[in-house]
Amino acid sequence: MTAGRPHLRQIHLGKRVETTQLAPADRRAIIAQLRTEVDNWYASGCLSPMNSDNVSTHSSITWVSARYYHVLPLLYYPNHFNATSGAVTRGELLGFARRELQSTSAVFQQRQLPLNKVALTRLLPVTLVLMHDYAASCQEAAAATPDPSTGGDYSSTSLPYTARDEVSVLMSILEGFPESWLLAHQAAQVVHQFASVIARGIRVDGDGSDFGAQPIKYSLTTPNPMPRGGVKDRVAEMVRPCITGFTSVMKQMLGPTTCSQYIEYPRGDTTGQSKSGVGQQRQQQQYQEPLLSPVPPQSSTMSVPQLGGAMSEDAVVNFGWGDFIGYPVPREGPRAEYEKAPENNPVLRGAALTVAANIISYVPGVASLLWNNAGFGTLKNLPELDEMPYRFHPIVTPLGDSKMLPIDASLTEAKSTFTPSSPSKYYTAADYHAMYQSGAITPLQVAETLIPLTKKGVYADAWADTHGKDHIALEAAKASTERYAAGKDLGVLDGVPIGVKDDLDIKGMVSHVGMKYRPNVKFFEPRDRTEWFLEKLAEAGAVFIGRNKMHELGMDTNGLNIAQGTPTNHFNNAYYPGASTSGGGSALGAGIIPIAIGSDAGGSIRLPSAFNSMYGLKTSHHRMGYYNMSTCVRGPLAASAADLTIAYRLMSQPNLDDPAQMHYGASQLPKPGSKRVMGIYRDWWSAGDPEVVRLCEKAIDYFATQRGYEVVDISLPLMGEARVAHAMLCVAETYETTRRKTPDQPKTGWMGLVGTVNRLLMSVASVTRANDYLKANALRELMMRHLAWLWQQHPGMLIMTPTSPMIGWPRHPGDEGGLSDTNTTVKNMMYIFLANLTGTPAVQAPVGYAEPKQGTGKLPVGIQAMGEWGAEEQLLEFAREAQEYLEEVYDGGRRRPETWFDVLGETKKAFKKVV
């Protein structure tokens with residue numbers, strides 16, 4: 001960021017007389033230019049952490065985040081340079097300071113923070129921000145109390161100070177410096193003094209002489225209330241020594257910078273909370289008399305925040321940067337017409353596929369021909385990408401409280417209300433929980449009913465071989481049964497059977513990733529750990545009943561698996577179940593389980609959910625934990641929106657050992673009364689099958705007329721090129737991870753693991769060129785910037801599409817020998833790819849059923865909503881509304897296939913239990 005250094009010097013080291021000669025617009029331009037440079041630096045590859053075992057400390061996301069939030073307080077620190085720029089609110093400045101401390105603390109806890117002059121220098125300005133914010137907050141609370149002279153009600157006013165934890169963190173870091181660092185320990189002593197002020201708080205009774213304990217209150221209930229100026233004076237008396245002492249330390253370290261001279265706060269936003277939201281404009285700032293001065297009053301220009309202020313065209317736009325790490329610069333992309341994907345790839349089956357795979361794998365140059373035929377080599381020549389930074393992982397981290405939202409009664413009591421005459425309902429976790437609590441059946445009995453179904457019969461093709469490890473599920477079910485018997489169950493998920501995709505690790509079990517089992521290959525050894533998000537489900541009592549089959553390597557969207565067998569679509573077995581979480585979708589559709597856990601790099605959670613009339617959530621990138629693919633996330637599928645929400649909340653709890661996921665704030669529900677907007681790109685939308693479009697438009701009409709959504713038209717740039725970029729990134733990254741699965745098999749290598757389709761596909765991926773890969777990541781950044789711009793125009797908007805443009809994927813004779821149909825694969829990903837490319841969350845919900853072209857049974861049709869980064873809870877709320885539409889409004893309601901299995905009913909019969 002060397003280009004930005006002259007501007008920082010001008011802001012903090014420039015002479016006041018020189019600054020006053022600059023117009024406010026010029027100062028704003030300087031700050032805006034520097035902010036752009038900072039964000040471009042942050043976006044250019046700094047969010048692509050490697051394996052935690054080999055990443056250097058200074059390249060880790062935690063370190064980069066700490067540096068990012070060190071620069072922002074320096075940039076926006078109120079002083080004579082930016083006093084009229086109104087760049088950020090006091091609350092946002094405090095937010096920057098808090099986030100720098102959070103990131104620095106993470107590095108400190110990992111023992112990777114060098115305790116040196118640089119680290120100390122970076123901590124000092126942040127500390128002063130905390131002190132001044134506390135003082136301003138106290139004055140604000142005093143100003144908010146009623147004036148006794150007017151006969152008002154003199155009730156107490158509480159003042160929660162939101163940065164208490166950061167003060168404690170700051171003390172811990174400063175005290176961690178070696179004893180020889182006298183300035184660090186002087187600073188720690190001052191922070192201790194400040195912490196004691198916060199802990200005691202200020203309780204002003206009558207003459208203002210009484211100091212109380214937390215929470216901070218101002219009481220004006222006595223006969224002789226303190227005059228308004230008294231609170232200000234009392235705050236000054238308590239906090240001024242802290243600020244003065246710390247200023248002395250800062251001057252010794254930093255010299256005569258304006259950061260250590262004084263601080264000014266704008267008039268307008270006094271809540272200490274950001275009004276951020278994409279597109280929210282800032283108020284023009286106005287000032288009045290100083291509150292506190294760390295230097296003599298005559299040289300101080302510190303201001304007191306007051307309520308009020310008006311909107312101005314000159315206000316600086318807030319792009320939500322204060323609420324996220326890595327938020328893209330909102331910028332509209334180039335205008336471009338929507339183009340359907342060309343269908344120029346050959347369809348290969350059986351013997352023809354085998355011959356083609358052998359030729360492509362072993363004949364030099366053939367793979368490159370197919371690479372170019374797919375359009376993968378075209379991105380490097382796009383002029384729009386010439387100056388675009390590369391974004392290697394589309395991680396945009398929402399910040400805030402990481403505490404999980406509660407699993408409340410709206411979720412724990414969301415029962416199916418199932419009756420034999422009602423074919424529309426699926427069992428929920430709440431149904432299992434109620435049956436277990438009643439004693440009608442037990443978790444162990446359910447497990448003993450289900451495990452045989454995973455071995456043979458009509459439902460077995462959804463389940464991979466457990467290699468004799470079923471005792472893991474039975475032991476978990478037995479423990480759950482004992483908890484219920486003791487009246488100590490863990491909650492609504494205790495004892496509920498869940499399916500886990502075959503690429504997600506469970507301790508003691510094999511992860512095949514859809515491949516044929518080869519016991520002599522090290523990759524197929526039982527895993528020694530369970531994924532974090534699965535651990536969270538297990539801690540809630542969930543029983544992992546088995547491993548769900550998947551498409552080999554997850555590299556197609558139909559679910560065909562010639563190595564393990566293809567799961568059934570129980571709605572119509574002449575169609576595929578969707579992939580790659582095909583087994584999970586099949587088992588959910590048949591009613592075997594209420595929840596499945598999958599992964600999604602190209603719709604692999606959403607497409608099986610759509611093909612099997614289920615609900616599926618693709619989360620924000622890295623929300624469930626860091627994964628070394630830039631398009632892939634893990635997430636839940638469920639038979640109900642309530643269970644989808646329960647699973648998501650448990651799975652997304654922060655892992656402090658994960659440098660990418662640890663910073664995520666919990667997704668929050670929209671505030672009551674928030675505007676509800678749906679955006680539709682009409683050219684994209686209308687490219688689907690006419691019956692799919694009709695059913696989705698019918699649902700949109702309901703949401704607009706009955707649920708209060710405003711529907712707006714939007715446009716998206718370079719969609720054809722973005723589709724190519726997503727496909728290239730998927731195959732290139734999968735090839736590399738597959739190649740490294742067989743270091744112990746030098747003769748056969750990775751080709752010995754996979755079938756003919758993936759031999760062909762991975763051979764093509766192996767010729768990926770560096771410049772093509774880089775430009776795909778530049779295009780990712782362009783698309784993310786455009787999406788940020790859209791959410792600036794329409795805060796909180798859901799981007800709506802069908803989930804799949806097709807009415808199912810039909811099976812054909814000869815498929816059982818293998819199928820390569822890239823045209824249909826790409827078509828099936830027409831709507832879902834954008835969320836994978838840009839890291840945004842998206843949810844699928846069924847909205848109807850369509851007549852098939854073959855076989856027996858109507859096929860489900862789904863709708864997709866894509867939200868802003870971190871908007872999972874908003875999407876889950878939409879899914880609950882969509883479920884109401886399907887079950888209560890849609891003609892005929894929700895359907896179940898004829899092969900639906902009544903788990904609770906059959907378990908009761910088998911064990912002769914009667915409610």
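The values are calculated or read from the model by the stated rules, or taken from the named source; none is laboratory data. Here the structure is a predicted model, which means the values were calculated and not measured. We place every Cβ from the backbone using ideal geometry, glycine too, and count neighbours over all the protein chains shown. Areas reflect the complete protein model, heavy atoms only, side chains present, ligands, DNA and RNA absent. Shrake-Rupley method; radii C 1.70, N 1.55, O 1.52, S 1.80 Å.
With only alpha-carbon pairs counted, each pair once and no self-pairs, how large is the Kirkwood hydrodynamic radius of the stretch 444-565 in angstroms?
Computed over the stretch 444-565, the radius equals 15.1 Å.
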What is the spin-label model distance, in nm, from Lys516 to Asn344 if the labels are put 7 Å beyond Cα along the C-beta direction? 3.5 nm
With all protein chains present and a 1.4 Å probe, the order of Lys522, Lys858, Lys455 from largest accessible area down is Lys522, Lys455, Lys858
Sites Arg527 and Tyr362 - FRET efficiency at Förster radius 45 Å, r taken between beta-carbons, to 0.05: 0.85
Could you sort Phe392, Phe194 by their accessible area in this structure, using a 1.4 Å probe and putting the largest first? Phe392, Phe194
If amide H atoms are modeled at 1.01 Å from N in the peptide plane, then the residues at a separation of 5 or more from Val633, or on another chain, having amide H under 5 Å from its own are Asp600, Ala601
With every protein chain kept in place and a 1.4 Å probe, the residues Glu166, Glu535 fall, from largest accessible area down, as Glu535, Glu166
With the other protein chains left in place, how much accessible area per residue, in square angstrom, belongs to the stretch 871-915 at a 1.4 angstrom probe? 49 Å²
Highest mean first, what order results for 431-441, 465-475, 819-829 on Cβ atoms within 10 Å? 819-829, 431-441, 465-475
Met388 accessible area, 1.4 Å probe, all protein chains in place, Å² to nearest 10: 30 Å²
Would you calculate the convex hull of the Cα atoms in the stretch 629-762 and tell me its volume per residue in Å³? 216 Å³
At q = 0.10, 0.19 Å⁻¹, work out log10 I(q)/I(0) for the stretch 791-899 with the Debye formula, treating every Cα as an identical point scatterer and leaving solvent out; two decimals please. -0.38, -1.08
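Hey, what's the Cα Rg ratio for the stretch 845-915 versus the globular rule of thumb, 2.2 N^0.38 Å?
1.53
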For the stretch 707-723, 3J(HN,Hα) per residue [Karplus equation, 6.51 cos²θ - 1.76 cosθ + 1.60, θ = phi - 60°, Hz, x = Gly/Pro]: 10, x, 8, 8, 9, 10, 8, 10, 9, 10, x, 6, 5, x, 5, 5, 4
Quote the accessible area belonging to Thr566 in square angstrom, nearest 10, computed with a 1.4 Å probe and with ligands, DNA and RNA left uncounted. 20 Å²
One finds, for Glu888 and Thr737 with R0 = 41 angstrom and r their Cβ-Cβ distance, a FRET efficiency to the nearest 0.05 of 0.40
When N is the residue count of the stretch 725-871, what does its C-alpha Rg come to as a fraction of 2.2 N^0.38 Å? 1.29
How many angstrom lie between the C-alpha centres of the stretch 762-797 and the stretch 90-133? 32 Å
Per residue and in Å³, how big is the convex hull formed by the alpha-carbon atoms of the stretch 424-512? 118 Å³
At a 10 angstrom cut-off on C-beta neighbours, averaged per residue, how do the peptides 119-127, 175-183, 22-30 rank from highest to lowest? 119-127, 22-30, 175-183
Per the Cα gyration tensor, the stretch 725-791 corresponds to an equivalent ellipsoid with semi-axes, largest first in Å, of 31, 11, 10
With a/c under 1.5 counting as rounded, go ahead and sort the stretch 513-595 into rounded, prolate or oblate using the C-alpha gyration tensor (a ≥ b ≥ c being the square roots of the eigenvalues; past the cut-off, prolate if a/b is larger than b/c, else oblate). oblate
Is the stretch 867-907 best put as rounded, prolate or oblate by its Cα gyration tensor, with a ≥ b ≥ c the root eigenvalues, rounded for a/c under 1.5, and otherwise prolate when a/b is larger than b/c, oblate when not? oblate
How much length, in nm to one decimal, is gained on full extension between Thr121 and Ser410, taken as 0.36 nm per residue of separation minus their Cα-Cα distance? 99.1 nm
Rounded to the angstrom and largest first, Cα extents along the principal axes for the stretch 375-417 equal 56, 31, 14
Quick one: work out Rg over Rh on the C-alpha atoms of the stretch 560-640, Rh as Kirkwood radius. 0.98
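Which links in Lys425/Lys456; Lys469/Lys858; Lys469/Lys827; Lys456/Lys909; Lys549/Lys741 stretch past 28 Å when you go from one Cα to the other?
Lys469/Lys858; Lys469/Lys827
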So how do 640-651, 867-878, 843-854 stack up, highest first, on mean other-Cβ count within 10 Å? 640-651, 867-878, 843-854
